[in-house]
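Read through the structure below, which is laid out as structure tokens, and then see the notes.
The values are calculated or read from the model by the stated rules, or taken from the named source; none is laboratory data. Treat the numbers as computed from the prediction; the structure is a model and nothing was measured. Cβ placement follows ideal geometry from the backbone for every residue including glycine, while neighbour counts extend to all protein chains displayed.
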Amino acid sequence: MLSIHQLVTDAQWFGYATLAMLAITIAAWIFQWGVRFRLVGVTSFMGVLTAGFFALSLGLHDRPSIPNALRFTRVYDTGANQVVVTVPPKITAEQLQATLQQAAVDLASPGRLSADGTLTVRARVVLHPAPGVSQPVYLGQAQRSLTGPTQTVEVTIDAARLAEVQAASAT
């Protein structure tokens, strides 16, 4: 994936090329060249490409990677303030904390609306105590502010349920 720095550099070079094509187009109009109308189209298209690269460099945000975080799958999302993710059953407390932090960072966006201004991400595991029976077990949650400059994530882990899941996955 292109980085923000690469997109800014590409936008600069496209800008230089667009200015060069503009100079050629102006020369074509002054000297009455036959390709002057085509050069107007080429210059206009290069301007659109330059603006697109510049807009992409403004819109992309690199999300930090939390060490020790496992992959998660979003299974429920209100689009506002509540998200549920599923994690593998063989997860440690450290991995669960890192995964909840990663999910809170990845899923928070300015477009989410919340009455209290927080995003709550809950992690769950689905256990199968008997054939044909599924039991969701919530292991913990992370809360993150959606407003203000603070980027802290408060993680709460239910140690008893985590031990229950670890015991069930060991058998």
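Quick look at the values:
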| quantity | calculated |
| --- | --- |
| Elements of type strands (runs of 3 or more DSSP E) contained in the stretch 29-138, each with 1 or more residues being more than 19 Å from the chain's Cα centre (by Cα), over 17 Å from L162 (Cα atoms) and free of Cβ contacts under 8 Å to residues at least 40 places away in the same chain | 118-130 |
| Residue, surrounded by the fewest Cβ atoms within 10 Å (Cβ to Cβ), within the stretch 82-133, restricted to residues that are modelled with pLDDT of 90 or more and of a type in the set (S, T, Y) | T92 |
| Residue check for A27: among the aliphatic types (A, V, I, L, M), modelled with pLDDT of 90 or more, crowded, with 16+ Cβ neighbours inside 10 Å and more than 25 Å from V8 (Cα to Cα) | no |
| V83 vs. criteria in contact with an Asp or Glu (Cβ under 7 Å, 6 or more places away or on another chain) and not acidic (D, E) | yes |
